[in-house]
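Written below as structure tokens is the structure these notes are about.
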Protein chains: 4
Amino acid sequence: MKSKKDFLKEEIKHIDIKQHNVVQLVDAMEHMAFSARNLNRAARIYDMMLKDKECGIILTLAGSIFSAGLKRVVYDLVMNNMVDAIVSTGAIMVDQDFFEALGFKHYIGSPFSDDNLLRELHIDRIYDTYIDEDELRICDETCGKIADSLEPRPYSSREFIWEMGKYLEDHGGPKAEDSVVFAAFKKNVPIFVPAFSDCSAGFGFVMHQTQNPAKHLSIDSAKDFLELTQIKLKSNETGIFMIGGGVPKNFTQDIVVAADILKEDAPMHKYAVQITVADERDGALSGSTLKEASSWGKVETTFEQMVYGEATVVFPLVAGYAYHKGSWKERKPKEFQKIFSGENIIA
Amino acid sequence: MKSKKDFLKEEIKHIDIKQHNVVQLVDAMEHMAFSARNLNRAARIYDMMLKDKECGIILTLAGSIFSAGLKRVVYDLVMNNMVDAIVSTGAIMVDQDFFEALGFKHYIGSPFSDDNLLRELHIDRIYDTYIDEDELRICDETCGKIADSLEPRPYSSREFIWEMGKYLEDHGGPKAEDSVVFAAFKKNVPIFVPAFSDCSAGFGFVMHQTQNPAKHLSIDSAKDFLELTQIKLKSNETGIFMIGGGVPKNFTQDIVVAADILKEDAPMHKYAVQITVADERDGALSGSTLKEASSWGKVETTFEQMVYGEATVVFPLVAGYAYHKGSWKERKPKEFQKIFSGENIIA
Amino acid sequence: MKSKKDFLKEEIKHIDIKQHNVVQLVDAMEHMAFSARNLNRAARIYDMMLKDKECGIILTLAGSIFSAGLKRVVYDLVMNNMVDAIVSTGAIMVDQDFFEALGFKHYIGSPFSDDNLLRELHIDRIYDTYIDEDELRICDETCGKIADSLEPRPYSSREFIWEMGKYLEDHGGPKAEDSVVFAAFKKNVPIFVPAFSDCSAGFGFVMHQTQNPAKHLSIDSAKDFLELTQIKLKSNETGIFMIGGGVPKNFTQDIVVAADILKEDAPMHKYAVQITVADERDGALSGSTLKEASSWGKVETTFEQMVYGEATVVFPLVAGYAYHKGSWKERKPKEFQKIFSGENIIA
Amino acid sequence: MKSKKDFLKEEIKHIDIKQHNVVQLVDAMEHMAFSARNLNRAARIYDMMLKDKECGIILTLAGSIFSAGLKRVVYDLVMNNMVDAIVSTGAIMVDQDFFEALGFKHYIGSPFSDDNLLRELHIDRIYDTYIDEDELRICDETCGKIADSLEPRPYSSREFIWEMGKYLEDHGGPKAEDSVVFAAFKKNVPIFVPAFSDCSAGFGFVMHQTQNPAKHLSIDSAKDFLELTQIKLKSNETGIFMIGGGVPKNFTQDIVVAADILKEDAPMHKYAVQITVADERDGALSGSTLKEASSWGKVETTFEQMVYGEATVVFPLVAGYAYHKGSWKERKPKEFQKIFSGENIIA
């Protein structure tokens, strides 16, 4: 019988947008139709966000995109001041990014696997990718240990993820050179995970709360919402760049309404781009159009663009275009993390 | 110019599965192919769950399905002991169910609307459905008031939703006869919303925490995960019936792993059914197969079935089949809510 | 090793809409959202077509829907004067309908098969359905024999399919009681297959032309287009009911333009309904909206409805609704076949 | 009111793969997951076809891809001996390629247009692209004129499309420099359109046959199938590169079976790549997997790859990769057209 090693051989390697100047390619798409033209427009809108000095940029992430080789794209956006806040699923930030920062890897697999055999071998499958379940358990436990080490009070996910960055720093730095959790920690880019228990960290929290029934930390999702809304209030003008839909998309659009509730006339997101394959016809949020979001007062319709395409192909083109256009070189870091540490920010 | 009243005219009416005996129709689908055959198998697996007295049934809900006329389907499942716990998005339980329980309605609209006009008129659009934004703000505020009235400590979403049910009882009962929040409150069916700030309630929490900076309640998503895991531990055998994907799907599958962490050898979900249009090829969770979930040790592969179809058509057929087969008549309520009030439960 | 018999065990059985009165169910969907409401509207538009005595109804068929258990639905539409002409892919009419009329069956299979093993066993797979390749070869040959028996000249697909009906009659009648090819032959409902070589018949034609290099029949697709246009010209008012997209959809929409070319001011299709899962965002014909078709002057926008759903579930509901509403009882057969035999028709 | 000129302003411009060296970008995708990795594998398989000197390469085209800016991609493949035969929808070859060769253009439009207004202005819409209907009528008529000029007998689509190339040559050459019909004419690359009446040419044929009721040419789709099968028999080894599905996909796969019928043991297509967004779950041909095709004996499973993505983005990457790898430089033209003119070919 095959062993675990037979399956976990070829590592996923993250694409490096800095190596691929796609400006001319994406420019050519402006005069085509369908996804190519929409991709071009999305790339140009993202570049507009980067040129607009007033605009705080929020990146939302959903789908198993870091295990798929897109981690370094986000890392480069963070390191080059191309994003000011991130709203993500837990799986991306913990199971995938923090997991790799702990020294573990994702592996090339097959969608035609025998899943019962994989289970016996402690291999988890994400479509065509494999993960070592035993390594993932270590990731869970590390989150539990971090929880054990903290003062027992309610935390926003942002606070806890900052602690994860600090944990990496205190333990010799990340074992992957392109950790988004760590880069964001260093660059004062806040990361929010609105459904934070729904990931490897959640297992850590369950251990922590079970072992500390009387006194334990808690994860306050209301605080997440309040904090992200505070970013909207401080930044005033905002643009959102959405990879996939789900809770990160909805949550980030909703802060306009929350800001409006706290202060009259908070402006809508001025720019909005989404890469997704979700269909609008089932009425669900992930595929809902940005025009629809406009009826809710969340997004302006002037600079919005949906791109119908799978993220592993489309995201490097959009992000790579903006990287090589270089508008970010004139852009100062917003360091929104400092809002919460009482420091002054630029925005 | 058109006024708000011109748009908010025709009310959405919820389909009543009790009125439509679809058993013979769904039985005929057993011998066909594609979605029809898969729908038939899913309906039969759900009926198996209902016949299996050891099995606790968890229903997961995602997508804007209550505003689309599916609320009464879930209401009937709750009232007839066909579901023992619910894991949902916040929009379904608060913006849609609790909203209607406060006396408000959803309206038939058009996907070809002028969204800028709708925004000016304070009308929110969900694909082909309209909502009165001003009424939704009252829903937000009501959640804020409930938060104000509670002892300032961390709550699971389950606890808060129970308080929403109590609020309805204390205020003359729901103004809609088919409120799932209220039915679940009365029938001791716990409802979990793992990303609870990502909805109308979130706006209430933002108001509450802003107005009570020193002392306020918080929403502990870790507690949600722990509590749902406790249900898994108490119930031992479980089946899951998933409408759409998203956080509710992932969260509910994950409790098997959490239970396994807390206690060796927690069994996988024995039965699993999902209705979705999401594609597996983007690698995201919503469309990931139940076979893939099996590699993670979450779901057994013997009785699992994905159904490719939009929920407004497929869910009434699957639920209606199980209703009219009548296996639920022999089934006792599990009343999992009592786990958390210290009472004995049957499971 | 498994034998062919181990795979070809359970026969596909066609759903019988006459046994399932879905009127009340489909009526309830009128007040819902998303696919349910669109399904309801499509069903009502189809019923309007049946009530409109001037309206000739053209049914277009694509996808492997007869092998999936939908053959009897179309058979019942033909037998009850609910359709006046059919435009189809070749696979449906020859590989599936005529194949079953020759006494062969389709079998329940699995999408998770070992396709290399199936090939060795001469079993063809359509997603979750199996066909005996050796039986299919007999179907090919029978088409070749029919071709051999005919006068060597260009034929429209309609003419050849009429000959297939006649072949069945001359050979003791079809061995399946619900053959659409045979029913259409008896009821004077013309069937067109615009890409007629792209199916089992094509193999027959290749044999026929190879064995008769000097003198052989040919399949004139231009004649198909001309004949279907003649139906449009005779009928004047038309409605189209489309299952899937592809060539049958485009071809049938195009006859409005062809009629307009031959005679000024041919009216657009007055009613149009399509059941499909195809997406409009790749710009391809199958998912293109009926509103888009209106820009081409093919379809009026007053009574058009796309339904997003897979045909095995949606088609029986739409067709079953119209059947049980009974408007067809007042409807006379148009017998468009007679246009081509020089007989008078009613339209 | 807006005039036609207000809509027909910005021309679609075709992307030029020669200008964009994407080899490094596509190579990086090898180590990722989902569509990126599949795109990489598809590109490498296409490059393998080009290196394999025995292999005849058949390109199949469906969807409105030439109006979307992909015409020059195919033109460059033809001019650089990267494709030996083409099987296409009629719309691509006639309404789009021949149409532009006559000097007309496609224009950038919007999916949110008022289609009734467009119709009044004689503007046809393809999702986000506009066409001048009056110009399209000239294209129809030109096809009719070509038909009028030919000897009245059955033609394969290949023969007629060769005549279209000749018409261009006889009338001063194409008015677009990148006409695929003309390039294929010059390079002896046969083009097949198995549903040839289903396009602008069909309107021409209807005029021709109506005006010449006694003596007219016909389009013999059986001859198409026989001729493409002859290519398979001459080439022996074949690879297929499919953009979209539909009739071109099925037709081209079927020639293996046809060859097998004419001659024992015709080899399956050795290489097969498809770019599509179609879903396999509705059981239709367009989304059916190449593994499924293998059960039919059409495609070998060793070198096959489906890529889930929209063609305007994915096709330039796959074709551009193969172009810049340069394996075609060692490749001789197969000139399959000569099979039908009695000349010797290399294959």
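Find the percent of Cα-Cα distances in segment A:1-150 that exceed 28 Å, and round it to a whole number. The calculated P(r) of segment A:1-150 puts 35 percent of pairs beyond 28 Å.
Starting from a Cα-only point model with no solvent, please compute log10 I(q)/I(0) by Debye for the protein assembly as shown at q = 0.05, 0.06, 0.07 1/Å. These q points yield log10 I(q)/I(0) values of -0.35, -0.52, -0.71.
If you keep only loop residues by DSSP, which GluC sites (Glu not before Pro) in segment A:132-209 have at most 16 other Cβ atoms within 10 Å of their Cβ? Working shown, then result.
Numbers: sites: A:Glu133, A:Glu135, A:Glu141, A:Glu159, A:Glu163, A:Glu169, A:Glu177; in loops: A:Glu177.
Within segment A:132-209, the qualifying GluC sites (Glu not before Pro) (loop, at most 16 other Cβ atoms within 10 Å) are A:Glu177.
Proximity of backbone amide H atoms, modeled 1.01 Å from N, is registered between D:Ser218 and D:Arg153, D:Tyr155 at under 5 Å, excluding neighbours fewer than 5 places apart on the same chain. The same position B:Leu233 in the other copies lies at 4.0, 7.4, 8.1 nm from this copy, comparing label points 7 Å beyond Cα toward the beta-carbon, shortest first.
Per the rotation superposing chains D and B, the chain D residue found at the smallest beta carbon distance from the axis is D:Asp279, 3, distance in Å.
Given a cut-off of 32 Å, name the pairs among A:Lys2/D:Lys232; D:Lys51/D:Lys175; D:Lys71/D:Lys329 whose C-alpha atoms lie farther apart than that in the structure shown. Don't skip to the answer; put the middle values down first.
On the way: A:Lys2/D:Lys232 40 Å; D:Lys51/D:Lys175 34 Å; D:Lys71/D:Lys329 21 Å.
Among A:Lys2/D:Lys232; D:Lys51/D:Lys175; D:Lys71/D:Lys329, the Cα-Cα distance tops 32 Å for A:Lys2/D:Lys232; D:Lys51/D:Lys175.
Among the GluC sites (Glu not before Pro) in segment C:248-347, those placed in a DSSP loop whose Cβ has at most 14 other Cβ atoms within 10 Å are C:Glu264, C:Glu343.
By the Cα gyration tensor, segment D:165-293 has an equivalent ellipsoid whose semi-axes, rounded to whole angstrom, run 29, 18, 18 from largest to smallest.
Suppose every K and R has +1 on its Cβ and every D and E has -1 on its Cβ; what is the size of the dipole of segment C:236-347 about the Cα centre, in Debye to the nearest 20? Working shown, then result.
Working: 12 positive and 15 negative charges, 95 e Å.
That gives a dipole near 460 debye.
With R₀ fixed at 25 Å, the C-beta to C-beta distance from B:Gln19 to C:Gln19 puts the FRET efficiency at about 0.85. Within segment B:234-275, the proportion of Cα pairs with more than 15 Å between them is 40 percent. Net charge dipole, the protein assembly as shown: roughly 0 debye, given to the nearest 20, about the Cα centre with Cβ charges of +1 for Lys and Arg and -1 for Asp and Glu. Close amide H contacts of D:Leu61 (hydrogens built in the peptide plane, cut-off under 5 Å, sequence separation of 5 or more or a different chain): D:Val87, D:Ser88, D:Thr89, D:Ile243. Each copy carries a label point for B:Thr302 at 7 Å from Cα toward Cβ; from one copy, the others' points are 4.1, 6.0, 6.2 nm away, ordered from shortest. Can you work out the PRE-style zone for B:Ser149? Point 7 Å along Cα to Cβ, and I want the residues of segment B:219-253 with backbone N under 19 Å. What the label zone holds, given the 19 Å backbone N cut-off, is B:219. Placing R0 at 35 angstrom, the Cβ-Cβ distance between A:Glu135 and B:Lys53 gives a FRET efficiency of 0.35 after rounding to 0.05. Residue by residue along A:222-234, Cβ atoms of other protein chains within 10 Å of the local Cβ number 5 on average.
If you average the alpha carbon positions of segment A:161-195 and of segment A:239-263, how far apart do those two centres end up, in angstrom? If you average the Cα positions of each part, the centres end up 23 Å apart. Kindly flag which residue pairs out of A:Lys332/D:Lys13; B:Lys18/B:Lys166; A:Lys145/A:Lys166; C:Lys186/C:Lys270; C:Lys270/D:Lys5 have an alpha-carbon separation exceeding 25 Å in this structure. Result: A:Lys332/D:Lys13; B:Lys18/B:Lys166; C:Lys186/C:Lys270; C:Lys270/D:Lys5 exceed 25 Å.
Would you please name the trypsin sites (Lys or Arg not before Pro) within segment B:38-130 that are DSSP coil residues with at most 13 other C-beta atoms within 10 Å of their C-beta? Mind dumping the intermediate values first?
Working: sites: B:Arg41, B:Arg44, B:Lys51, B:Lys53, B:Lys71, B:Arg72, B:Lys105, B:Arg119, B:Arg125; in loops: B:Lys53, B:Lys105.
Loop-located and lightly packed - B:Lys53.
Look at the Cα gyration tensor of chain B: its axes a ≥ b ≥ c give a/c of at least 1.5 with a/b at or below b/c, and that counts as oblate.
Taking amide H positions as modeled 1.01 Å from N, with prolines and chain starts lacking one, the residues under 5 Å from C:Thr238 and 5 or more places away or on another chain are C:Gly56, C:Lys270, C:Tyr271.
Ordering A:Tyr323, A:Trp296, A:Ala272 by the projection of their Cα atoms onto the charge dipole of segment A:189-329, which places +1 on the Cβ of Lys and Arg and -1 on the Cβ of Asp and Glu, puts A:Tyr323 at the extreme positive end.
As a rough footprinting exposure proxy, the listed residues B:Ser3, D:Ser110 were ranked by other beta carbons within 10 Å of their own, and the order from fewest upward is B:Ser3, D:Ser110.
Taking label positions 7 Å along the Cα-Cβ direction at both B:Gln211 and C:Lys5, the computed distance is 7.8 nm, reported to one decimal.
Which semi-axes, in whole Å and largest first, does the equivalent ellipsoid of segment D:147-240 have when worked out from the alpha carbon gyration tensor as the square roots of 5 times its eigenvalues? Spell out each step's value before the answer.
Working: eigenvalues 110, 74, 23 Å².
Equivalent ellipsoid semi-axes, largest first: 23, 19, 11 Å.
Averaging the inverse of every distinct alpha carbon separation and then flipping it gives the Kirkwood radius. What is it for segment A:34-115, in angstrom units? List each step's numbers first, then the result.
Working: mean 1/r = 0.0675 Å⁻¹.
Radius from the Kirkwood sum: 14.8 Å.
Rounded to 0.05, the FRET efficiency of the A:Lys166 and D:Asp114 pair, given R0 = 45 Å and the Cβ-Cβ distance, is 0.20. Between B:Asn40, B:Asn212, B:Asn188, the Gaussian network model of chain B with springs among Cα atoms under 10 angstrom shows the greatest mean-square fluctuation at B:Asn212.
Where a number appears in this text, it was derived from the coordinates with a stated rule and is not lab data. Not measured: the values here are computed from a predicted model. Cβ sites come from the backbone with ideal geometry, for glycine too, and all protein chains shown count toward neighbours.
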